[in-house]
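Just so it is clear, none of the values below were taken in a lab; they were calculated from the coordinates. All values derive from a computational prediction rather than experimental measurement. Every residue, glycine among them, receives a Cβ derived from its backbone with ideal geometry; neighbour counts consider all protein chains shown.
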Amino acid sequence: MGESCCAASPSARRWPLLGSESGKVSLSTAPNSTPAKNGSSCSGGRTVKLSVVVPAYNERSSLPKTIAKIVRSLPAVAKEIIVVDDGSTDGTRNWLSDTIGEETRLAAVATDGALSISGGVNDADTIATTIKAIYHDHNQGKGAAVRTGFRAATGDIVVIQDADLEYDPSDWARFWPLFSEDIADVVFGSRFSSAPHRCLYYHHYIANKFISVMFSVLYNQTLSDLEVCYKMFRRSLLPILTLRCNDFGFEIEFSANIARQKTLRIYELGISYYGRTYAEGKKINWKDGARAIWYLFRFRFA
Ligand SMILES: Nc1nc2c(ncn2[C@@H]2O[C@H](COP(=O)(O)OP(=O)(O)O)[C@@H](O)[C@H]2O)c(=O)[nH]1
Ligand SMILES: [Mg+2]
């Protein structure tokens, strides 16, 4: 799905070390230069960009804080934030249309932590953070929202960020070198590590463990936290992925697609987790867990 800028097989791309403090990374195998907007171009020596896809369904209170955290992350890297409103009814959509509307804008955070979203995008802002919003007419589910975001992404690397503050974008500082040093094609976060993680529902924990073990058995691929939000990957992979799930089955579908390629360099990295309770807005439930088991088999054998 999606189209690829500077189409190249993931393994053919060679990224030297993220050596410069500006965060500019040269692509040694990108001979054909294709100008792109927002300071990004496909020529050698260009600025490498991270696309952050934020699916948002009724996240009015946490979305602005999530965006501010994204802006503050990886300060030397050009980022585009794509918020996909999934038919929210709690004011999220109104906030997005009032603050961002239909344009691509610049997002910044003041020293006091306040988020500011301003006018147009200056091509000279090579390491700025841009933001745009896409609006679903009605609620379709996380998978559908994420796919809409993928279609709009123009960065070299893509990551998914839930809008509910359960995950901390400052963790990406440890993801990034795996791409800039050309070590990984896909990096999954894992909440089963020594990083701080809120202790919550045992039934969720055991269901996720079960699903992850089943996945490893069925796909012969180690991954400890299948339901994790953080999946960072090269955008050039999108055309080879078949993604159709609208609901939380997306997490299984994405991982199954990645594992089935057999050739990709898959890494996992411990992340912090600031989980929320149902009273605080958590939405995934046991039905999503049951569906996940069905999806495990469906994507393996269908
Ligand atoms: N639950 C739910 N989340 C959606 C939907 N569409 C987009 N999302 C977003 O997908 C992300 C993950 O959902 P969330 O409820 O946080 O999942 P949970 O934290 O695992 O319960 C959040 O950013 C949601 O706002 C949807 O239809 N249902
Ligand atoms: Mg969540």
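For the reader, a short list of remarks on this structure follows.
- In this structure, the pairs whose alpha-carbon distance is over 27 Å, taken from LYS65/LYS142; LYS65/LYS209; LYS132/LYS283; LYS69/LYS142, are LYS65/LYS209.
- Taking amide H atoms as placed 1.01 Å from N in the peptide plane, the amide H of SER190 lies under 5 Å from those of LEU269, GLY270, ILE271, each 5 or more residues away in sequence or on another chain.
- Remark: spin-label model distance ARG260-LYS287 equals 2.6 nm, labels positioned 7 Å along the Cα→Cβ axis.
- For segment 12-301, the Kirkwood estimate of the hydrodynamic radius, built from every pair of different alpha carbons, is 19.4 Å.
- With the simple spin-label model, which puts each label point 7 Å out from Cα in the Cβ direction, the ASP137 to ASP90 separation comes to 2.5 nm.
- In a simple Cβ point-charge model (Lys, Arg +1; Asp, Glu -1; nothing else charged), segment 169-302 has a dipole of about 300 debye relative to its Cα centre.
- Segment 186-231 shape via C-alpha gyration tensor axes, a/c threshold 1.5: oblate
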